[in-house]
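Note sheet for the following structure.
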Amino acid sequence: MRSLRGRLELRQRTLRALVDTGLDAAVRRARQRIWRHGPHRVRLRHGLLARAGPDKPLPPLRRISAPRSLAVQLQLMALFEAQCPGARAGEPSRRPLVDPRTVGEPSWAELVCSLAANSSGMVRGATAKQNRVRQLKHALARLADHGMIEAGVGYHRFAGFRLLDETSAEAPYSVPEINSSVTVPAEFFLNGWVHALTDNEISLYLALRFLARSLGPVEPGSNLFLAQRMRTETFGFDRATYEAHRMLVRCGLVTVTMDPLRNPGDGTLSGSRKGTTSQYHRFTLNDDTLRQQGASTVIDALTRQLAGQTLWDVLPA
């Protein structure tokens with residue numbers, strides 16, 4: 001198994017390849033073209049992110065997640081695309097998978113960003129068209145298997161796929177009402193955060209947005225916490241998913257007020273602190289950070305971490 005440093009270095013190289021080759025910028029431009037004059041926020045159904053009950057299956061966004069898969073990115077991009085001006089939500093997609101029919105109208109392959117790397121740690125054709133198409137089809141197959149899209153049969157079965165309701169494979173997709181949705185600023189998609197963050201980081205970030213929506217008349221996005229029971233029973237998080245908050249903090253997407261009894265390095269209570277009642281980390285969403293380019297911001301955060309910056313160094317004084 002690759003060491004933590006090795007994983008960080010691989011992620012840094014992969015993101016740098018996306019930026020240096022221009023793919024990150026090209027994908028962001030393509031998203032801007034289809035979103036022009038669109039609403040400021042994208043709506044996601046509560047049930048995409050949270051279980052219907054503690055004994056219910058994992059929420060869809062957790063079920064479709066898989067190592068080296070574009071499924072989470074593609075699902076969120078499909079919801080983004082369905083809310084673009086002129087989109088016909090619930091109808092078969094008129095957008096081609098690969099080659100655009102009209103100049104200025106991107107294909108699905110131009111709206112997703114590949115982060116593929118091989119087992120040796122070298123970035124594997126992240127800019128190659130065939131690689132993106134292969135990953136796109138694998139992601140579509142995963143979404144179809146989990147009832148997120150309706151596909152056809154045969155070799156071209158994903159042409160004209162239809163997006164389904166995030167919480168029911170029996171119904172075509174429709175844009176949810178505001179009172180039953182979590183809203184995400186469009187900049188999360190337009191500035192590339194949706195492909196710069198890992199699946200765990202995305203799930204944790206969207207869970208915090210879910211909580212911000214649920215708290216009612218408080219300062220938006222502040223004083224949020226995830227108790228252990230809520231993490232597992234509501235969102236289906238394991239420890240690794242919860243620990244993804246560390247990169248969100250390093251990137252500035254959230255600010256955290258940490259339990260002063262815990263070690264920021266590994267989150268444990270140590271020495272004389274054991275047996276003491278601990279406190280929850282308190283999170284605040286920083287939407288202004290979404291205006292920055294996601295890939296470049298994550299690269300900078302990784303560079304600082306690899307240079308020895310600790311989480312203590314990032315926390316507010």
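For the chain, report the accessible area per residue in Å² (1.4 Å probe, heavy atoms, rounded to an integer).
48 Å²
Under a point spin-label approximation (7 Å from Cα along Cα-to-Cβ), what is the Ala66-Gln309 distance to one decimal in nm?
Distance between the two pseudo-spin positions: 3.5 nm.
I'd like the carbon and sulfur percentage of the solvent accessible area for the chain, probe radius 1.4 Å, heavy atoms only, ligands and nucleic acids excluded.
Carbon and sulfur: 51 percent of the exposed surface of the chain.
Tell me, what is the Rg over Rh of the chain, with Rh the Kirkwood radius over Cα pairs?
Using only Cα positions, Rg/Rh for the chain is 0.96.
Note down the nm distance, to one decimal, between modelled labels 7 Å out along Cα→Cβ at Ala169 and at Glu91.
That separation, rounded to one decimal, is 2.6 nm.
Quick one: order Phe237, Phe225 from most to least accessible surface, probe 1.4 Å.
Listed by decreasing accessible area, they come as Phe225, Phe237.
I need the peptides 304-316, 282-294, 68-80 ranked by packing, meaning the mean over residues of other C-beta atoms within 10 angstrom, with the highest value on top. Walk me through the numbers on the way to the answer.
On the way: 304-316: 12.3, 282-294: 17.5, 68-80: 21.8.
Peptide ranking by packing, descending: 68-80, 282-294, 304-316.
Using only Cα atoms, tell me the angle between helix 23-35 and the longest principal axis of the chain; keep it within 0 to 90° and round to the nearest 10.
Around 70 degrees separate the two axes.
What are the ³J(HN,Hα) values, in whole Hz, obtained from phi via the Karplus relation 6.51 cos²θ - 1.76 cosθ + 1.60 with θ = phi - 60°, for each residue of region 70-78 in sequence order, with x given for Gly and Pro?
8, 4, 5, 4, 5, 4, 5, 5, 5
Compute the Kirkwood hydrodynamic radius of region 1-149, taking the inverse of the mean of 1/r over all pairs of distinct Cα atoms, and give it in Å to one decimal.
Working: mean 1/r = 0.0593 Å⁻¹.
It works out to 16.9 Å.
Using a 1.4 Å probe, how large is the accessible area of Ser296, given in Å² and rounded to the nearest 10?
Ser296 has an accessible surface of roughly 40 Å² with all protein chains in place.
How big is the accessible area of Lys56 in square angstrom, nearest 10, if you roll a 1.4 angstrom probe over the protein chains?
Here the accessible area works out near 100 Å².
The values are calculated or read from the model by the stated rules, or taken from the named source; none is laboratory data. Predicted model only: the values in this text are computed from it and were never measured. Because the Cβ atoms are built from the backbone with ideal geometry, glycine has one as well, and the counts that use them run over all protein chains shown. We work out accessible area using only protein heavy atoms, side chains counted, and drop any ligands, DNA or RNA first. Shrake-Rupley method; radii C 1.70, N 1.55, O 1.52, S 1.80 Å.
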